[in-house]
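Enquirer: Attaching a single structure in structure tokens format; questions to follow.
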Amino acid sequence: MAIEVKVCGITRKEDAETALTAGAKYLGFIQYPKSPRKISLDSSKSVMQSVDSFSFGKVAVDVCPTPESVVRMKDTGFDFFQFHFPYDFDPNQIGQWTELVGRSNLWLAPKIPPGNSFPKPLLDLADTFVIDAYSKDKFGGTGNTSDWNSFAHYQAENPDHNWVLAGGMGPENIEQAMRELDLRMIDVNSALETAPGVKDQALLKKFFLCLQELEK
């Protein structure tokens, strides 16, 4: 089975086109105001429309969004909604996201501190989970490698859900990740950039070429 790739932190039309031409199945547009890769809803829509000849999943990425923000993202035309949140975040608010977009369209990205187990109640609220590198002060986009052992454990324990590996994925470690893990979906971002929100075109192409060679 081919690994599906989401290229996140898209802010430019040329990066969107390069990623999709290379083989990306999803593009992520970060709505979180504190992110250096923040893009407005209007600009997100413009970039998505510029590559509408491609078939791809449009992913809105945010941290603890309000229901009103989620509605605005839906109205912009996003297909999927990747929401990051603290480990102790109110599950009732997560339930509101599920009601607004549906569990099949919701990608939950809990920030799980080292030594903590996966919060099982989340399994009833979404079909897809993004496991990113833990940072005390940040939500994603750190460039650090995530805890692969925990990822493998979560996936083995809950095979009926979709598990997305994020955190520092690039040409240098994709072979090792494929060798050690049963990867189905991966999220790439900062490891393929020259600056936040600006993808390195050569690295982006190199990553997909590496992945395609490994999948043969």
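Enquirer: Suppose all protein chains stay in the model; what accessible area per residue would a 1.4 Å probe give for the chain, in Å²? Before the final figure, lay out each step's value.
Expert: Working: 10180 Å² over 216 residues.
Counting only protein heavy atoms, the per-residue value for the chain is 47 Å².
Enquirer: Normalise the Cα radius of gyration of the stretch 47-104 by 2.2 N^0.38 Å (N = residues in it) and let me know the number.
Expert: Details: Rg = 12.6 Å, N = 58, 2.2 N^0.38 = 10.3 Å.
Cα-based Rg divided by the globular estimate yields 1.22.
Enquirer: Could you give me the ³J(HN,Hα) list for the stretch 108-124, computed from phi with Karplus coefficients 6.51, -1.76, 1.60 and θ = phi - 60°, whole Hz, x at Gly and Pro?
Expert: 8, 10, x, 8, 9, x, x, x, 9, 7, 5, x, 4, x, 5, 4, 8
Enquirer: I want to verify a result. In a Gaussian network model of the chain, Cα cutoff 10 Å, which of these has the top mean-square fluctuation: 47, 71, 164?
Expert: Comparing 47, 71, 164 in the GNM, the peak value goes to 71.
Enquirer: Sticking with this one: GNM on the chain, C-alpha springs below 10 Å: top fluctuator among 167, 197, 77?
Expert: Judging by the Gaussian network model, the answer is 77.
Enquirer: On to the next question. Determine ³J(HN,Hα), in whole Hz, for all residues of the stretch 12-22 in sequence, where each value follows from phi through the Karplus function 6.51 cos²θ - 1.76 cosθ + 1.60 and θ = phi - 60°; x replaces Gly and Pro.
Expert: Listing the rounded values in order: 10, 4, 5, 6, 4, 5, 4, 5, 5, 5, 6 Hz.
Enquirer: Still on this structure: The stretch 1-58: which trypsin sites (Lys or Arg not before Pro) are DSSP loop and have at most 14 other beta-carbon atoms within 10 angstrom?
Expert: Values: sites: 6, 12, 13, 25, 34, 37, 38, 45, 58; in loops: 12, 25, 34, 37.
Within the stretch 1-58, the qualifying trypsin sites (Lys or Arg not before Pro) (loop, at most 14 other Cβ atoms within 10 Å) are 34.
Enquirer: Right, something else. Amide H to amide H, which residues 5 or more places from residue 133 or on other chains are under 5 Å from it, using H placed in the peptide plane?
Expert: 146, 167
Enquirer: Please give the net charge around residue 153, taking every other residue with its beta carbon less than 12 angstrom from that of residue 153, where Lys and Arg add +1 and Asp and Glu add -1.
Expert: -3
Enquirer: Using the C-alpha atoms of the stretch 62-216, what convex hull volume per residue, in cubic angstrom, is computed?
Expert: Numbers: hull volume 19.7 nm³, N = 155.
In the stretch 62-216, the Cα hull volume divided by residue count equals 127 Å³.
Enquirer: If you take every residue apart from residue 21 with its C-beta less than 12 Å away from the C-beta of residue 21, what net charge results, scoring Lys and Arg +1 and Asp and Glu -1? Can you show the working numbers first?
Expert: On the way: positive: 205; negative: 14, 15, 17.
Net charge in that neighbourhood comes out at -2.
Enquirer: As a check on your grasp of the helix formula, calculate [θ] at 222 nm for the chain: sum -39500 (n - 2.57) over DSSP H runs of n ≥ 4, divide by the residue count, round to the nearest 500.
Expert: On the way: 7 runs with 73 residues, N = 216.
Value at 222 nm, helices only: -10000 deg cm²/dmol.
The values are calculated or read from the model by the stated rules, or taken from the named source; none is laboratory data. Treat the numbers as computed from the prediction; the structure is a model and nothing was measured. Quick reminder, even Gly has a Cβ in these numbers, built from the backbone with ideal geometry, and neighbours come from all protein chains shown. Ligands, DNA and RNA are excluded from the accessible area calculation, which covers all protein heavy atoms including side chains. Shrake-Rupley method; radii C 1.70, N 1.55, O 1.52, S 1.80 Å.
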